[in-house]
Structures are given as C-alpha cells and as structure tokens.
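Q: Just passing along the structure, written as structure tokens.
Each value in this text was obtained by applying a stated rule to the coordinates, not by laboratory testing. Remember, predicted model here, so these are calculated numbers, not experimental data. We place every Cβ from the backbone using ideal geometry, glycine too, and count neighbours over all the protein chains shown.
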Amino acid sequence: MSQSTSPSTSRRRWWALSLIAAAQFMVITDTSIIGVALPRIQEDLGFSQQNLSWVFNAYVVAFGGLLLLGGRLSDLLGARRVFATGWLVLLAGSVVAGAAGSVGVELTGRAVQGVGAALIAPSALTLLMMLFGSEPRELTKALALYGAAAPAGGTAGVFLGGVITEYISWPWVFYLNIPIALVALIATPALMPAGGARRGSLDLIGALTVTLGLGAAVYAIVRAPEVGWASAQTLGGLGAAVVLLAAFLVVQAARQEPLVRLAIFRTPNLAAANIAQVLLGGAWIPMWFFLNLYLQQVLGYAAFPSGAALLPMTALIMIGMIAVAPKAIARYGPKAMIVTGLVVLAVGMGWLSLVRPNGNFWVDVLPASLVAALGMSLAFIPSLGTAISSAPPQEGGLASGIVNTSYQVGSALGLAAMTAVAASSGAGQLDDPTQLTNGFSAAFLGAAGIALAGGLIAAATLRGSRPGTDTPAPNAIVQSEHR
C-alpha cells in the first residue's frame, strides 16, 4: 500500500475534507445568518431602511469582487497559505462586525469578512482537488459532500440567526465565526497539503476596478430613491461604475495574465449559464432579504420564530438540490431544468407579492416560499454545472471562479435594485404596516420579473442537450452519490 493510500493518510484526507466543507458552510452561513438579525442591527446601529441592505451587500460586494483575485493568489502563493490567511481575515472582520457601535464600523467589518471569504472559497476548492483529484471515485464523494455544505450552511444560518438573535444578542451572529476560525487555523498546517507557489503576475488593477465598479453601481442604485434618479449623485455613481467596469474589461484584454481570459466567454453555453446565475442571484437574494423583513416588521415575528419560519423553504432547497434536481436533469436535460426552475421561481415570488398587512404565515408566506424554493433548487445546480463543464478542462478553475462571481454580483445588484423599488413604494415608512407591505410586495414582484427574464434568456441562449448526455459534472457527482 502506497503512502498516498495508506489508512492514516486516507483518514487525514477525510478530516481535511471536513475542514474544507466547514469552510464552504461558513462562507454561505455568513450570508444567511444576518437575515433574521437585520431589524435588531437596524435598531441598535441606526441604519435607515434603505441602507440596511448594505449589511448584506458590503459582504457580497467584497466577496464577489475579489473571488477571482483569491483564486489567482491561491495559484501563485499556494492554496494552504491563502486558505489560512482567509480564515485570519474572516476572524478579524467578525470581531469588528460584532463589536461595531456605528454604521460605518459595521459595514467595515462586513467588508473585511467578505475579503476573507474571497480568499477561503477558491483556495478550499483547490485544496480539495489536490487531495482527491487523482482518484475519480473518491473525488466524486468529496465533491458531493462539499456541494451539500452550501445549502446546509444556508439552512443553518437562518435557524442559528434566529436562535442567537432571540436568546443571546445579534453580535454573536458574527462572533460565532471566531472559534471556528481558530480551529481552522490550528488544523490547517496539519491537515492540508502544502502545495507549491509558482511564478506569475498579480492583476491588482483588475481586481480593484471590478470591485470598485460593482460597489459604485450598488451604492448609486440604493441611494437613488432618496436623492433622485436624475440627481448628480446617482448619475455620477452610475457613470463611475460604467467607467470602472469598462476599465476592468480593457485591463483584462491587455494583460498577458489577466484575472479573466475574456475569450473564455466564446465557449458555447458558458456565457449563457453565467447570465442565468446572475439573474438567479438577482432574484433569489432580494426575496430572502425582504421576506425576513416582512415576517418581523409586518407580521410582528420575533427573531427566533422568524428564523424558524424560513426553515421549510431552506430545507426544501437542500432536498431539491441533492435528491430531485439530479434526477430531473438526467431525464429532461440541463437547459429544460434551468428554464423551468427560473419560471417556477418567478411564479413563487409573484405569489409572494400578494402578501397582506394583516396576513399570516400559513397563507401569505409558506405556500409561495415553497414554490420559490423548488424553483431555486431546480435552476441552481444545472446552471452552475453547465457554466463549469462548458469550459475546457484546463480552465475549469477559471470557470468556477467566474460562475461564483456571477452569482454574487447578481445578488448584490439585484438586492440594490429591489431595495430601491421597495423604498419607492413605501418600504421606508416603518410605522405604517400597509406602506411597508406595499414596498415589500413591489420588491417581490420585481424579483419575479428578474427570474422570468432569466428563464426567457436561458430558453433563447442556452444550447440544448439530449437528456442523459452532456450532463454537467456537478449533477453527475450528486447522482453517483445517491444511486
């Protein structure tokens, strides 16, 4: 028995995988755990209703904008080193976010958390491939566990956020990261392969322009209802976003070693699948954000009942992604499921737009949220898998980074846009349940429009494949795990 397959080495690999899955779990948990705590954070720190979305967006803009840079750093400096650094940065950001006494400090902490997540996520996947890439059967099992950690993190984040906010205090939704980060920092040197650094250039200008461009767009859209869509501030912010994002494209085209090789988007289905991921994130995250606020600010739920109310939806997503989506893709093909999932998601959110000021969970929330969750679970796996599997094998890492960035960018821009829609329709009037509900309803309807647009674009741009053939790798992974 070789050293690489000895029992002790095998056990260490699976312990390492547990840490990698925990990393994926925490990165996703940090997006969902704050949802239930938002009203308490708003009350204690003085966020306005419009600016409250920045508690989410500060994390997502930094995370999405720097993911590609995190992957590049992992290649150049070694995945283990970047993985450990990411946990250290996440720990620091969590301390700042939890101890914050003002809006500015809170957003700084959340942005630092996003930077840590952008280092952890790509290096974790690189480490997984280093540990299991030479054994296809073991790799299949490892990727299935890694993939299941994301919906598990989303579900746990919603529940833990409710428990912590209700029975401890909201800063602990951030402090929860501290012991996990310390364990990760201690365990990483012993469990993770060292890997080698290599020579190459670092596209800091590209990373800076794309992150600042995304942030400028989100800021301008969120502020527009308050200062006016035609105001100098809004037009200036949007103009700056266009200039910065255009500069990013110019830099990528000019550099020999860019963050993103732009020609990769000529690969059939890759651009179309990434557009589906952008619009999926742009529809789903606003629904999740405003549903939390509706439960607490209109229906009067406390933090723990609000978190528990979202558990059926998040549990259905996990079940759907693991058990339903792979079988449906094998039978009908990935294109059909992406289109169907986005349309079903639009139906669910359109249903949610009928929420009432004097509504209740069983009528106004549960049925519609389950329909939306089913749509999300059907569309997410095939669009993710199509985006990754469409690229040449040697560019699978780049494709993975692009699709993760697409979803995070879509999430940030979609939430910014729907925050503006909600504010324009009355969601800023906290003392008037009718106006609040009107604002939330408008946001749900707008998100439904984003999902429907995604379904139509996917139907028009994705190339179909015969059911059972050319199924994206992630679907095959999940299928083999559950046969």
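Q: Quote the Stokes-Einstein diffusion coefficient, in whole µm² s⁻¹, for region 10-190, based on the Kirkwood radius over alpha carbon pairs, a temperature of 4 °C and a viscosity of 1.567 mPa s.
A: Using the Kirkwood radius from Cα pairs, D works out to 79 µm²/s.
Q: What nm value, rounded to one decimal, do you get for the distance between residue 229 and residue 265 when each label is placed 7 Å out toward the C-beta?
A: 2.5
Q: In whole Å, what is the distance between the alpha-carbon centres of region 403-438 and region 216-236?
A: Between the Cα centres of region 403-438 and region 216-236 lies a distance of 14 Å.
Q: Right, another one. Could you calculate the FRET efficiency of residue 76 with residue 319 from 1/(1 + (r/R0)^6), where r is the beta carbon distance between them and R0 is 25 Å, rounded to 0.05?
A: 0.05
Q: Roughly what would the spin-label model give for residue 249 and residue 15, points 7 Å off Cα along C-beta, in nm?
A: 5.0
Q: Can you put 45, 310 in order of Cβ neighbours within 10 angstrom, beginning with the fewest?
A: Least crowded to most crowded, the residues run 45, 310.
Q: Also, I was wondering about something else. Once you charge only the Cβ atoms, +1 for Lys and Arg and -1 for Asp and Glu, what is the size of the charge dipole of the chain about its Cα centre, to the nearest 20 debye?
A: Result for the chain is approximately 1440 debye, rounded to the nearest 20.
Q: Translational diffusion coefficient, Stokes-Einstein: compute it for region 1-94 using the Kirkwood radius over C-alpha pairs as Rh, at 10 °C and 1.306 mPa s, and state it as an integer in µm² s⁻¹.
A: 99
Q: For the pair residue 99 and residue 361, how long in nm is the line joining their label points, each one 7 Å along Cα→Cβ?
A: Here the modelled spin labels are 3.6 nm apart.
Q: Charges on Cβ only, +1 for Lys and Arg, -1 for Asp and Glu, centred on the Cα centroid of the chain; of 174, 446, 17, which one is farthest towards the dipole's positive end?
A: So the residue furthest toward the plus end is 17.
Q: Projected onto the charge dipole of the chain (+1 at Lys/Arg Cβ, -1 at Asp/Glu Cβ, origin at the Cα centre), which of 238, 273, 293 gives the Cα projection farthest towards the positive end?
A: Result: 273.
Q: Let me ask another. For the Cα atoms of the chain, what angle does the longest principal axis make with the long axis of helix 433-461, in degrees from 0 to 90, nearest 10?
A: Once rounded, one gets 40 degrees.
Q: How tilted is helix 7-32 with respect to the longest principal axis of the chain? Cα atoms for both, answer in degrees (0 to 90, nearest 10).
A: Value to nearest ten degrees: 20.
Q: Still on this structure: Across every pair of different alpha-carbon atoms, what Kirkwood hydrodynamic radius in Å does region 204-258 reach?
A: Value: 11.5 Å, from the Cα pair sum.
Q: Sorted from fewest to most neighbouring beta carbons within 10 Å, what does the list 166, 257 look like?
A: 257, 166
Q: Using the crude model of +1 on Lys and Arg Cβ and -1 on Asp and Glu Cβ, and no other charge, please compute the dipole size for region 264-483 relative to its Cα centre, in debye to 20.
A: 660
Q: Select from 258, 95, 229 the residue farthest towards the positive end of the dipole of the chain; place +1 on Cβ of Lys and Arg, -1 on Cβ of Asp and Glu, and compute about the Cα centre.
A: 258
Q: Please rank 335, 327, 141, fewest neighbouring Cβ atoms within 10 Å first, as an exposure proxy.
A: Placing the least packed residue first, the sequence is 327, 141, 335.
Q: With +1 assigned to the C-beta of every Lys and Arg and -1 to the C-beta of every Asp and Glu, and no other charges, what is the dipole magnitude of region 29-156 about the Cα centre in debye, to the nearest 20?
A: Rounded to the nearest 20 debye, it is 260 debye.
Q: Okay, next question. Divide by every residue of the chain the summed helix terms, -39500 (n - 2.57) for each DSSP H run of at least 4, and state the resulting mean residue ellipticity at 222 nm, rounded to the nearest 500 deg cm²/dmol.
A: -26000 deg cm²/dmol
Q: To test your reading of the geometry: what angle, between 0 and 90 degrees and rounded to tens, separates the Cα axis of helix 79-99 from the longest principal axis of the chain?
A: Relative to the chain, helix 79-99 is tipped by roughly 20 degrees.
Q: What translational diffusion coefficient, to the nearest whole µm²/s, does the chain have by Stokes-Einstein, given a Kirkwood radius computed over alpha-carbon pairs, a temperature of 10 °C and 1.306 mPa s viscosity?
A: This corresponds to a translational diffusion coefficient of 71 µm²/s.
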